Amino acid sequence: MASDRQVQYANDDVVDFVVVGSGAAGGVIARELSVAGFSVVVLEQGPFRTAADFTHDEIDVVFNGSLLGGPAARDAQTFRDDESKVAMPSTFRPPAEYAQTVGGSSVHFSGNFWRFRESDFQERSLLGPLSGTTFADWPITYDELEPYYARVDWEVGVSGAPGPFDAPRSKPYPMPPMPVKSSGVLLERAAEKLGLHAQPAPVAVLSKPHNGRAPCIHCGYCMGFGCETGAKSSTLATMIPQAQASGRCEIRPNSTVFNLPTSARGTVDEVLYYDADGKQQRQKARTVILSANGAETPRLLLESASAKHPDGLANSSGFVGRNLMFNCHSLANGVFSEQLNDYKSIQVTRIIHDFYESDPARGFYGGGGIDARPLFSATPILFSLAGMPPDAPAWGSEFKKLLAHNYTRQMSILGSTTSLALDRNNITLDPTHKDRWGRPALRLTYRDHDDDLAMAGFLLDRSMELFDAAGAEQSWAYPLEPQTNGAHLLGTCRMGDDPQTSVVDRYHRSHDVQNLYICDGSSFVTSGRGQPTMTIMALAFRAAEHMATAARAG
Amino acid sequence: MDGSRREFLRGSGVLAGASALRFGIPGLAALSQAACSARDAGAAFETLSAGEARELDAMAARILPSTGTPGAHDAGVIWFIDKSLGGFLAPQKDFLLGGLADFQAPVAAAFPGATQFSDLDEADQDRYLRTQDTTPFFGFVRFMTLAGMFGMASYGGNRDSAGWQLLGVDPHQHAFLPPFGHYDAAAASGDNHGE
């Protein structure tokens, strides 16, 4: 067990930093601060799984949601699409999908690592206001974040090659792109015919040995699964072992934080959590960092309401939990005459970024990216349930024949789009449902903006054209519907210079509580084009640098 | 062999023996050999009665029939169903058995001489299923059939990796090198994107 070889702090030790969450942001921050000489405790609600614990068990991972926390986690959330309705728990996947395990969702993600572009940070200025939304600029620019993107490339490990529309980079990719799959070749073929530009997908998966880690063995179990060889650049495989090796960082798994009490002088000096046995514990710290993801972070702040902070901790703006953004998606499938075997290797090897920028000529706000991937034809059960053509029979010998023919011959073209920030899309505390600890369930209220759906529809039309150009024997579009669950949990504690309209400042420090930092997907002001984790990690590197400087200055 | 197991096997032929040895992973083969031996030598159903098992096995066998390749019956999907209803699908057991009773009830009137679905010949089974294949009960049996066919054998189905072999996947290779498929192989050899 990886937790045996690390420093242990007592609950009454006042450590320099306590970090809530060990995912894309928390893992990076823990490594940066502990290596810089500070004492750090990371509280993670999930167990400490390591590479040897990860399997190809589709029933356990996909259907029982074992990495998501299982049925107990699913029952701890409710969903509604409008605030006039009563939110209900989901019967299958939780509405806010995130991994509960050391390394967080960086363990189970597919590893698509697109940087944002310059425009992502300044779109409000470039395009003007959008009525009914809280569309805004970021307080930082691409240039300010670029050095930290480069650190993610090299220190976390990203494979790729520059594309024609990419923002400038100060260093090359540390590794070449992953080998192109048949789905990528077909996307390239189609893009050329249509005058578009397919480019190698940047991915957080090692194409070569890097930083003492072995490269990908192309097993195919990326999306939703943990990597059994550590080639996927999760914080579990990269940052967390280095944090532990510093001798100053304790990763404490099975620790569910439920309250951040405020002291008489207005600071947060300890966090309260349930340990593995369900016993209440506390950890004292000089500074508290919330990196619990864009759903859990606002939930915890709202749950920590007190006389001094009646609307929730750090919530004088009223923006805690607001402006939730999932990124919208489109999906089309195609069947080809020869075998792609797209169940092998990573999900995505080629992407198209010709439609990245918002274009007023389209008649709506939004931009997005297109990628080629197996999606459902990466794993057999999901494929048999959700991947077959709409005209296929649901059972019988013809169904069986099609399963056998299509599994190795199918691919998907996925579109990922912007989401507009809206007050109506948010995280609140459910008034009736409780989780297993008796805490109010995490309530999501969400309905995609019409422009987000329009952009997804635009990408769906392009996807169908791409299948035609690629020579697909059959292709079909999945109906475009408002989303009822999201794995990208963005915007719910946005950063900004104005304390009236943001929760944290440009360095992720709470406007209201001076020793509280918040850094994860909740910090986002806009959603990007559907691959947020690279930016979460870059923000975390940058935030940690500032936290260290501020701590040294006292 | 105990009574319920014998009754289930009646008329269905002998279940395929363990053949994992063919695939050449000694540890795995020994494990599945042991598991199959225990199972075939007299394990009873854990959660289903023999009669329930016969009906569900017959349904699964029409959802994924035995054709030139093994179907759900050959892959032991019924053992997956039985085991899962005592495990991760236990919360759905009452729904399933209630649905099964409703599913069986009209059979006798529609097919003189038959008392249950598994009494019918395959053509009549298909005929009857077409009248039932939009119910939530059928949907759940279909889900279990697919999960049992394509899930890991440790859940009781996918015997001899029949499900994975059906899809064209080598069941014992979990690492690959490029080229992965036809189009990337053709592109790598200088062909224009496989055209």
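Computed from the coordinates by the stated procedures, all read-outs in this text should not be read as laboratory data. Being a predicted model, the structure only gives us computed values, none of them experimental. All Cβ positions, even for glycine, are placed from backbone atoms using ideal geometry, and neighbour counts span all protein chains on display.
Cα gyration tensor of the range A:265-385, axes a ≥ b ≥ c as square roots of the eigenvalues: rounded (a/c below 1.5), prolate (a/b > b/c) or oblate?
oblate
Per residue, the convex hull around the alpha carbon atoms of the range A:75-198 comes to 218 Å³. Listed by chain and number, the aspartates and glutamates whose alpha-carbon sits under 19 Å from that of A:Lys85, ignoring those within fewer than 8 places in the same chain, are A:Asp75, A:Asp423, A:Asp430, A:Asp448, A:Glu481. Between A:Ala307 and A:Thr267, the simple spin-label model (points 7 angstrom out along Cα→Cβ) gives 2.1 nm. For the residues of B:166-172, the average number of beta carbons from a partner chain within 10 Å of their own beta carbon is 5. Could you name the lysines whose alpha carbon sits less than 29 Å from that of A:Lys232, not counting residues in the same chain fewer than 8 places away? Excluding near neighbours in sequence, the set is A:Lys171, A:Lys181, A:Lys208, A:Lys344.
Please give the peptides A:511-519, A:427-435, A:85-93 ranked by average Cβ packing (other Cβ atoms within 10 Å per residue), highest first, as a rough proxy for protection.
Details: A:511-519: 23.3, A:427-435: 17.6, A:85-93: 13.4.
Averaged packing, sorted descending, gives the order A:511-519, A:427-435, A:85-93.
Only loop residues by DSSP count here, and only those with at most 16 other Cβ atoms within 10 Å; note down the GluC sites (Glu not before Pro) in the range A:329-430 that meet that. Those that pass, being in a loop and sparsely packed, are A:Glu338. Annotation note: GluC sites (Glu not before Pro) in the range A:142-221 located in DSSP loop regions with a Cβ neighbour count of at most 10 within 10 Å are absent.
Using the structure shown, select from A:Lys279/A:Lys434; A:Lys284/A:Lys308; A:Lys400/B:Lys93; A:Lys284/A:Lys434 the pairs with a Cα to Cα distance greater than 22 angstrom. Before the final figure, lay out each step's value.
On the way: A:Lys279/A:Lys434 18 Å; A:Lys284/A:Lys308 20 Å; A:Lys400/B:Lys93 26 Å; A:Lys284/A:Lys434 27 Å.
Violating the 22 Å Cα-Cα cut-off are A:Lys400/B:Lys93; A:Lys284/A:Lys434.
Distant-in-sequence amide contacts of A:Ile251, defined by a placed amide H-H separation under 5 Å and a gap of 5 or more residues or a different chain, comprise A:Val42.
In terms of packing, defined here as the mean over residues of other Cβ atoms within 10 angstrom, the peptides A:369-375, A:21-27, B:160-166 line up highest first as A:21-27, A:369-375, B:160-166.
Of the residues A:Thr78, A:Met495, A:His210, the one whose Cα sits farthest towards the positive end of the charge dipole of chain A is A:His210 (charges of +1 on Lys and Arg Cβ, -1 on Asp and Glu Cβ, taken about the Cα centre).
Could you rank the peptides A:385-391, A:287-293 by their average count of other C-beta atoms within 10 Å per residue, with the highest value first? Walk me through the numbers on the way to the answer.
Working: A:385-391: 14.9, A:287-293: 28.6.
Going by the mean number of other Cβ atoms within 10 Å, highest first, we get A:287-293, A:385-391.
Across peptide A:389-402, the mean count of Cβ atoms from other chains lying within 10 Å of each residue's own Cβ comes to 4. Amide H to amide H, with H built 1.01 Å from N, A:His433 comes under 5 Å of A:Ala441, counting only residues 5 or more places away or on other chains.
The H on the amide N of A:Arg213, modeled in the peptide plane, is under 5 Å from the matching H of no residue at least 5 residues off or on a different chain.
Shielding of peptide B:148-157 by partners, expressed as the average count of other chain Cβ atoms within 10 Å per residue Cβ, is 4. If you plug the beta carbon distance of B:Ser49 and A:Asp275 into 1/(1 + (r/R0)^6) with R0 = 60 Å, you get a FRET efficiency near 0.85.
If you place +1 on the Cβ of every Lys and Arg and -1 on the Cβ of every Asp and Glu, how big does the dipole about the Cα centre of the range A:299-359 come out, in debye to the nearest 20? The partial results should precede the final answer.
Working: 5 positive and 7 negative charges, 76 e Å.
Computed charge dipole of the range A:299-359: roughly 360 debye.
When every Cα-Cα distance of the range A:434-554 is counted in 10 angstrom steps from zero, the calculated P(r) takes the values 11, 28, 27, 20, 10, 4, 0 percent. Each 10 Å bin from 0 upward holds the following percent of the Cα-Cα pairs of chain A: 4, 19, 31, 28, 14, 4, 1, 0. If you sort the three axes of the alpha carbon gyration tensor as a ≥ b ≥ c, you get a/c of 1.5 or more for the range A:145-184 and a/b no higher than b/c, which makes it oblate. Please list the helices of chain A that count as membrane-span-like by this rule: a mean Kyte-Doolittle hydropathy of at least -0.5 together with Cα atoms stretching 15 Å or more along the helix axis, each helix being a complete DSSP H run. Flagged H segments are A:24-35, A:182-194, A:450-470, A:533-552.
Among the chymotrypsin sites (Phe, Trp or Tyr not before Pro) found in the range A:248-346, not one is both in a DSSP coil and sparsely packed, with 13 or fewer other Cβ atoms within 10 Å of its Cβ.
Footprinting exposure proxy ranking of B:Leu97, B:Leu64, A:Leu489, fewest other C-beta atoms within 10 angstrom first, gives B:Leu97, A:Leu489, B:Leu64.
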